[in-house]
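Worksheet for the structure shown next.
The values are calculated or read from the model by the stated rules, or taken from the named source; none is laboratory data. Only a predicted model underlies this, so the values are computations on that prediction, with no experimental measurement involved. As a convention, Cβ positions derive from the backbone with ideal geometry for all residues, glycine included, and neighbour counts pool all protein chains shown. Accessible surface is based on the protein model in full, side chains and every heavy atom, while ligands, DNA and RNA are left aside. Shrake-Rupley method; radii C 1.70, N 1.55, O 1.52, S 1.80 Å.
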Amino acid sequence: MAAIQSSYNRNALLRNSLRGNAAFSGLSGAALIAGAGPLASVLGVHPAISMPLGAGLIVFALAVAKISAPDRLRADTGVVVALLDLAWVAASASLLLVGGLGLTTIGMIAVGLVAEVIGTLAVLQMFGARKITSP
């Protein structure tokens, strides 16, 4: 029983940050799909972009939720998710620096805020993965 509890405690940071990632990604994806029309004018994101992006985020969220489910998490999968998150942050930064895709000011703020959340989750996932592998 102590070994199971110890394993759970070691996995807690990674598990919780992965679950937070899955929830945030899933809700973001659902919002992009459900609000495709209204978001187009507010954020400056055309539905032809927001619909597939939203669907991709939902698929990603389901995969991350599945990764977070086992009793014993694998550090390497946590690192892979964190690296994917960091790629999202880098793409967001590039988008903001280039100023492309016709984003409105509110759209640019939204992209920056989402990147902040995803970047924070990536850091937490990396710390969680390290906690699993360190003695």
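Among (1) under 17 Å from Gly20 (Cβ atoms); (2) touching a helix residue (DSSP H, G or I) at 6+ places or on another chain (Cβ under 8 Å), where does Val80 come up short?
(2)
Restricting attention to the range 64-71, does a residue exist that is surrounded by fewer than 18 Cβ atoms within 10 Å (Cβ to Cβ), free of Cβ contacts under 8 Å to residues at least 60 places away in the same chain and β-branched (Val, Ile, Thr)? Step through it out loud before you land on a result.
Step one: filter the range 64-71 for residues surrounded by fewer than 18 Cβ atoms within 10 Å (Cβ to Cβ), giving 65-66, 69-71.
Checking which are free of Cβ contacts under 8 Å to residues at least 60 places away in the same chain leaves us with 65-66, 69-70.
With the extra rule that they be β-branched (Val, Ile, Thr), the set shrinks to none.
There is no residue in the range 64-71 that is surrounded by fewer than 18 Cβ atoms within 10 Å (Cβ to Cβ), free of Cβ contacts under 8 Å to residues at least 60 places away in the same chain and β-branched (Val, Ile, Thr).
Which of the residues that make up the range 112-135 are open to solvent by 30 Å² or more (accessible area, probe 1.4 Å) and touching a Leu at 6+ places or on another chain (Cβ under 8 Å)?
The answer is Leu124, Phe127, Lys131, Ile132.
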